[in-house]
Structure formats: C-alpha cells, structure tokens
Amino acid sequence: QVQLVESGGGLVQPGGSLRLSCAISGSFFSPYTMGWYRQAPGQQRESVASINSGSMTTYADSVKGRFTISRDNAKNTLYLQMNSLKPEDTAVYYCRLDYPLRRSWGQGTQVTVSS
C-alpha cells in the first residue's frame, strides 16, 4: 500500500519561501501523476501543481512563476518550492499520487503566511 507523508510546512512572512516535501513509500507504477493540492478554511481543495511520469508539469495560475514542483526518483520524494509567498497561500497542503486504478493522499501540512 502506498503511503505519502508531507513535511516542511510552517509560519512564514509574506515574501518568504518554504519547501514542502512528500515522502512516498510503497510500490506504484507508470503512468502516474504526483500533485500538490491545498485547502484553505471554508474553501474547496484545489490543485496547485502536478508532475507526471513523463515529467510534464502543470501549475495553477495563482502560483505560476512562484512555485516549482519537482521530484527525486531516487529518494521517492515529491517537492514543492514556494517563493514570494502571499497571505492567500495560507492553507493545508496535501500531496496526492494517482496511478492506474489507485489514488493516495497524504495527511497534509499547514502553511501559514502572515506578518
């Protein structure tokens, strides 16, 4: 069974940076898509960025140019580098893995952007 564990969240001032990590354990196979999602209080969960097994990436318009998704296959880890953070980026961030007939979520990590 695949398990995902996020880390790296915290409190940061506007304009600051954070890097989120998602450690993935267990077996999965291509084709797959790894993604970061976020959910702010009272709002629906939304897609932030994704990367597939062909290394194609997608980003939400709200984070383009500020966030970068990447993965380290040797470490089975997904990353989200977040720069120029804004208060509206405050949310619980989740990683997700989709592969044939399966979907797994992490437990989430809180990111708070505030002065």
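Some notes on this structure:
- Residue within segment 76-91 that is assigned to a strand (DSSP E or B) and more than 22 Å from G10 (Cα to Cα) present: no
- Condition broken by T33, with the remaining ones in (1) surrounded by fewer than 16 Cβ atoms within 10 Å (Cβ to Cβ); (2) of a type in the set (S, T, Y); (3) in contact with a strand residue (DSSP E or B) (Cβ under 7 Å, 6 or more places away or on another chain) satisfied: (1)
- Among residues of segment 20-33 that are at positive phi, those with a Cβ under 8 angstrom from a residue that is aliphatic (A, V, I, L, M) and outside any strand (DSSP E or B), sequence gap 6+ or separate chain, pair up as G26/V2.
- Taking the listed residues Q43, Q13, Q39, the one that is at pLDDT 95 or above and over 20 Å from W105 (Cβ atoms) is Q13, with no other qualifying.
The values are calculated or read from the model by the stated rules, or taken from the named source; none is laboratory data. Bear in mind the structure is a predicted one, so any value in this text is a computation, not a measurement. Please note: Cβ atoms are built from the backbone with ideal geometry, for glycine as well, and neighbour counts cover all protein chains shown.
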